[in-house]
Amino acid sequence: MEFSTKLLHGNEAKSYPNGATLPPISQVSAFAYESSEALEKVFQNRAPGFAYSRIGNPTVDAFERRICELEGGVGAVACSSGMAAVTLSLLNILQAGDEVIAGSGLFGGTIDLFGDLESFGIKTRFVRHMTVQEVKPLINERTRVIFGEVIGNPALDVMDIRAVAELAHANGIPLIVDATTATPYLLHPFKYGADIVVHSSSKYINGGGNSISGIIVDGGRFKWDAARYPGMKNYSSYGPFAYTAKLRNGIWRNMGACLAPTNAFLNVVGLETLGLRMERICQNARALAEEIARLARRWDERRDLSVNYPTLQESPYHTLAEKQFGGKGGGILTVRIGSKEKAYQVMDSLKYAKKATNIGDVRTLVIHPASTIYVHASEEQKAAAGVYDDLIRVSVGIEDTKDLVEDFTNTISAVV
Ligand SMILES: *Cc1c(COP(=O)(O)O)cnc(C)c1O
């Protein structure tokens with residue numbers, strides 16, 4: 001089955017009650033049972049069923065199963081937000097004294113989170129580029145996780161997942177990837193050796209910009225050494241399901257960052273058109289990046305115009321993106337335009353792009369990261385994340401290509 005066919009006809013889409021084509025919204029907090037014994041069994045995971053929606057809910061379960069099947073994992077756990085997913089994916093295996101190696105070009109919220117984790121005794125070492133050369137020297141006996149984004153947001157650096165996973169595994173460390181910007185449409189990270197995949201499903205998976213959510217998917221292949229991951233000791237009997245079992249019975253359930261049933265339903269609806277949307281989004285983003293690059297090449301260099309997009313010839317990640325994503329580049333590009341004033345002028349003059357702090361919407365969205373998402377970051381952090389004062393991030397939507405290209409090229413030509 002190809003990608004979009006699977007989104008509609010995958011096994012997990014066939015199991016809704018009464019032949020329903022979508023999972024019914026189980027908008028309830030608790031599930032009642034005929035006998036006390038029956039409830040006891042469900043509560044203790046000795047019988048299938050649901051007890052309380054923070055711990056499990058049929059609509060949320062339907063969303064989790066669909067993503068798990070799509071990514072080829074052994075388990076998936078939905079969360080109230082992408083940040084909850086990132087946080088819990090880490091806290092499930094970390095404790096005070098542990099170290100993380102992460103990219104410095106990560107999503108701003110994730111960078112801030114690593115700062116928060118310092119107070120709990122978890123230290124993060126950042127690398128400018130998530131490459132074997134930069135990661136290897138930072139691995140020590142306290143390193144417990146390598147964390148990176150498949151395509152950095154907004155730095156747009158591309159991780160060679162296979163190479164980093166091999167290095168991690170040679171040192172007995174799992175690789176967790178945030179695949180939000182790549183989406184399952186560009187690649188399935190487990191095939192390249194990633195161990196845990198997290199998504200902010202608020203973005204492309206939902207697609208309509210109508211609910212905040214996240215999901216953690218477990219590839220089930222990492223061998224958790226109980227001496228290095230003491231918390232996993234009690235879950236070793238679960239074999240490949242150990243990480244998911246610990247998450248569900250531990251920090252995820254106890255933190256209470258569960259996904260609301262209605263939001264899970266909206267995600268399932270959105271997911272079904274992910275292939276169709278991504279096809280158009282990637283086509284639009286590529287056309288837009290190429291047209292802006294052409295403008296930049298045509299003008300003399302004093303005009304300070306440049307564009308960044310993974311598959312562009314000019315991108316240092318061109319070859320890797322072509323290879324790893326089969327020629328697709330995703331839906332985000334960034335434009336540098338000379339000054340913050342000009343960036344604002346362009347953003348305020350665009351006809352179709354909305355100024356909003358989100359990505360993965362059907363609508364094209366633009367933002368000035370330096371004064372918004374990265375406003376709490378130091379100059380050093382901003383530089384490391386590729387966030388400049390004259391940089392606009394564009395999350396490309398599904399509008400007609402011609403309209404978008406015209407809008408951007410006309411506006412940029414008038415301002416630069
Ligand atoms: C948006 C985003 C997040 C956080 O997700 P929320 O759903 O907003 O909590 C994490 N990682 C990446 C790459 C994102 O784009």
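Just how far, in whole angstrom, is the range 316-330 from the range 366-415 if you go by their alpha carbon centroids?
21
Considering only DSSP beta bridges with both partners in the range 1-156, what is the antiparallel share in %, to the nearest 5?
Of all bridge pairs located within the range 1-156, approximately 10 percent are antiparallel.
To the nearest 20 debye, what charge dipole does the chain have about its Cα centre, counting +1 at the Cβ of each Lys and Arg and -1 at the Cβ of each Asp and Glu?
400
Given charges of +1 on the Cβ of Lys and Arg and -1 on the Cβ of Asp and Glu, with all other atoms neutral, how large is the dipole of the range 168-245 about its Cα centre, in debye to the nearest 20?
The dipole magnitude comes to about 100 debye.
In a shell of Cβ-Cβ distance under 13 Å around residue 320, excluding residue 320 itself, what net charge do Lys and Arg (+1) and Asp and Glu (-1) give?
My count for the surroundings of residue 320 gives 0.
Between the alpha-carbon centers of the range 194-256 and the range 61-96, tell me the distance in whole angstrom.
When both Cα centres are located, 4 Å separates them.
Which order do peptides 401-413, 155-167 fall in by mean Cβ count within 10 Å, highest first?
Those peptides, ordered most packed to least, come out 155-167, 401-413.
Find which of 292, 384, 311 sits farthest along the positive direction of the dipole of the range 254-388, computed with +1 on the beta-carbon of Lys and Arg, -1 on that of Asp and Glu, about the Cα centre.
Value: 292.
Take every DSSP beta bridge whose two residues both sit in the range 93-200, then give the antiparallel share in percent to the nearest 5.
5
Among DSSP beta bridges whose residues both lie in the chain, state the antiparallel percentage, nearest 5.
The antiparallel proportion sits near 55 percent.
Rank-order 34-40, 378-384 by packing density, defined as the average count of other C-beta atoms within 10 Å over each peptide's residues, highest first.
Packing proxy ranking, top to bottom: 378-384, 34-40.
Which order do the peptides 285-296, 112-123, 181-192 come out in when sorted by mean C-beta neighbours inside 10 angstrom, highest first?
181-192, 285-296, 112-123
Distances longer than 36 Å among the Cα atoms of the chain: what percent of all pairs is that?
Distances greater than 36 Å cover 26 percent of the Cα pairs.
Laboratory data are not the source of any read-out in this text; all were calculated from the coordinates shown. This one's a predicted model, so the numbers in the text were calculated from it and none came from an experiment. When we count neighbours, we look across all protein chains shown, and the Cβ atoms used for this are built from the backbone with ideal geometry, even at glycine.
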